[in-house]
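*Asks:* Before we start, here is the structure in question, set down as structure tokens.
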Amino acid sequence: MNILEKKLSERRESAKNRISPEILSKMLEATQSLKNSELEKETFNIGDKIEDTILLNNLGDKVSIMDVLGKQPAIISFYRGTWCPYCNLELSTYNELLKDKNKIKMIAISPERPESSINVENLNFEVLSDIDNKFAKKLNLTFDITETIEDIYDGFGINLEKSQGKKSRLLPIPATYIIDSSGVIVYAYIDADYTKRAEPKDVIDKYLELIK
């Protein structure tokens, strides 16, 4: 059973009742425009090697992504922020599935500053802050939301300037990678539609196959 997709589908359906048709139409139009831009085709994919980048951990300390990975395979999930309900559904599903699976290395990355990011208590994966989307930019995952979408987010109480620590419309496309011990991508899921995600159980199964 696709646990996450069921949750995402329910969220998409409930959005039709919570959001006005006019605003929902603008959001869907922006998503389709991003997909039509073919940005997905420009992102890092299977066979590409990630570059080392300095990120911040939950304490605000600078850390090297390569040091965090420690030359072992890992699942890397790029998410938009804690304000995104679809991201939260994805990460909570991973957290449930990763209980008692200590041999699985997973890192969740967003442009939010540590103080705005996920509460790391009781998490079964690491959370890092990609300030200014530096790492996401290297993987060609970033895009600018439109002024219309920014206004809609403001209406929802979503303040990107507060969560990211600076005025910015830049966000990463939600993406999930599995990298091998040398930093080469062996699995990739990228979808410009932020309501779509890789199924965590499938990703975990692929990771376990890699480390057999």
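*Asks:* Does GLY47 meet the test of being closer than 16 Å to ALA108 by Cα, surrounded by fewer than 11 Cβ atoms within 10 Å (Cβ to Cβ) and over 17 Å from the mean Cα position of the chain (by Cα)?
*Replies:* In short, no.
*Asks:* Then there's this: Return the residue satisfying two criteria in turn: it lies in segment 34-51 and is part of a helix (DSSP H, G or I) and in contact (Cβ under 8 Å) with a residue 40 or more places away in the chain, and of such residues it is farthest from ALA192 (Cα to Cα). Steps first, answer last, please.
*Replies:* Initial filter on segment 34-51 (part of a helix (DSSP H, G or I)): 34-36, 39-42.
In the following step, the residues that additionally are in contact (Cβ under 8 Å) with a residue 40 or more places away in the chain were identified as 34-35, 39-40, 42.
Working: LEU34: 6, LYS35: 6, LEU39: 8, GLU40: 7, GLU42: 12 Å.
Filtering first and then ranking leaves GLU42.
*Asks:* Of the residues LYS201, LYS105, which is of a type in the set (D, E, K, R), over 12 Å from the mean Cα position of the chain (by Cα), buried (at least 17 other Cβ atoms within 10 Å of the Cβ) and closer than 21 Å to SER92 by Cα?
*Replies:* After applying the criteria, what remains is LYS105.
*Asks:* Specify the residue that is farthest from ILE149 (Cα to Cα); the eligible residues are those in segment 78-110 that are in a helix (DSSP H, G or I) and charged (D, E, K, R).
*Replies:* Per the criteria, the residue is GLU96.
*Asks:* Exactly one condition in (1) farther than 22 Å from ASP202 by Cα; (2) in contact with a Pro (Cβ under 6 Å, 6 or more places away or on another chain) is not met by PHE78; state its number.
*Replies:* The failed condition is (1).
*Asks:* Picking from ASN133, ASN159, ASN124, ASN119, which residue would you name as being surrounded by fewer than 16 Cβ atoms within 10 Å (Cβ to Cβ) and in contact with a Leu (Cβ under 8 Å, 6 or more places away or on another chain)? Reasoning before the result, please.
*Replies:* On the way: ASN133 fails: surrounded by fewer than 16 Cβ atoms within 10 Å (Cβ to Cβ); ASN159 fails: in contact with a Leu (Cβ under 8 Å, 6 or more places away or on another chain); ASN119 fails: in contact with a Leu (Cβ under 8 Å, 6 or more places away or on another chain).
Result: ASN124 is the single residue among ASN133, ASN159, ASN124, ASN119 that is surrounded by fewer than 16 Cβ atoms within 10 Å (Cβ to Cβ) and in contact with a Leu (Cβ under 8 Å, 6 or more places away or on another chain).
*Asks:* Within segment 160-195, how many residues are in a loop (DSSP other than H, G, I, E, B) and closer than 25 Å to LYS16 by Cβ?
*Replies:* 7
*Asks:* Moving on. I'd like the full set of residues that are modelled with pLDDT under 95, surrounded by fewer than 18 Cβ atoms within 10 Å (Cβ to Cβ) and not hydroxyl-bearing (Ser, Thr, Tyr), limited to segment 163-189.
*Replies:* GLY165, LYS166, LYS167, ARG169
*Asks:* Right, SER116: modelled with pLDDT of 95 or more, hydroxyl-bearing (Ser, Thr, Tyr) and farther than 21 Å from ASP193 by Cβ or not?
*Replies:* Working: modelled with pLDDT of 95 or more: no; hydroxyl-bearing (Ser, Thr, Tyr): yes; farther than 21 Å from ASP193 by Cβ: yes.
Here the answer is no, as SER116 does not meet what is asked.
*Asks:* Need pairs with beta-carbon distance below 6 Å; first residue of a type in the set (D, E, K, R) and within segment 126-144, second modelled with pLDDT of 95 or more; sequence gap 6+ or separate chains.
*Replies:* What qualifies is GLU126/ILE107; ASP130/LEU55; ASP130/ILE109; ASP130/PRO111; ASP130/ALA136; LYS134/THR53; ASP144/LEU170.
*Asks:* Continuing with this model, one more query. Which of the residues that make up segment 10-32 are part of a helix (DSSP H, G or I), over 18 Å from the mean Cα position of the chain (by Cα), surrounded by 12 or more Cβ atoms within 10 Å (Cβ to Cβ) and of a type outside the set (D, E, K, R)?
*Replies:* Hits for segment 10-32 are ALA15, ILE23, LEU24, MET27, LEU28, ALA30, GLN32.
*Asks:* Right, something else. Kindly check whether there is at least one residue in segment 111-128 that is assigned to a loop (DSSP other than H, G, I, E, B) and of a type in the set (Lys, Arg). Steps first, please.
*Replies:* Of all residues in segment 111-128, those assigned to a loop (DSSP other than H, G, I, E, B) come to 111-113, 117-125.
Imposing the further condition that a residue be of a type in the set (Lys, Arg) reduces the set to 113.
Yes, segment 111-128 contains a residue that is assigned to a loop (DSSP other than H, G, I, E, B) and of a type in the set (Lys, Arg).
*Asks:* Whether any residue in segment 196-211 is in a helix (DSSP H, G or I), more than 25 Å from LYS71 (Cα to Cα) and out of contact with any helix residue (DSSP H, G or I) (no Cβ under 7 Å at 6 or more places or on another chain) is what I want to check.
*Replies:* No, segment 196-211 contains no residue that is in a helix (DSSP H, G or I), more than 25 Å from LYS71 (Cα to Cα) and out of contact with any helix residue (DSSP H, G or I) (no Cβ under 7 Å at 6 or more places or on another chain).
The values are calculated or read from the model by the stated rules, or taken from the named source; none is laboratory data. The structure presented is a predicted model; accordingly, all values stated were derived computationally and were not measured. Counting neighbours? That spans all protein chains shown, and the Cβs are built from the backbone with ideal geometry, glycine included.
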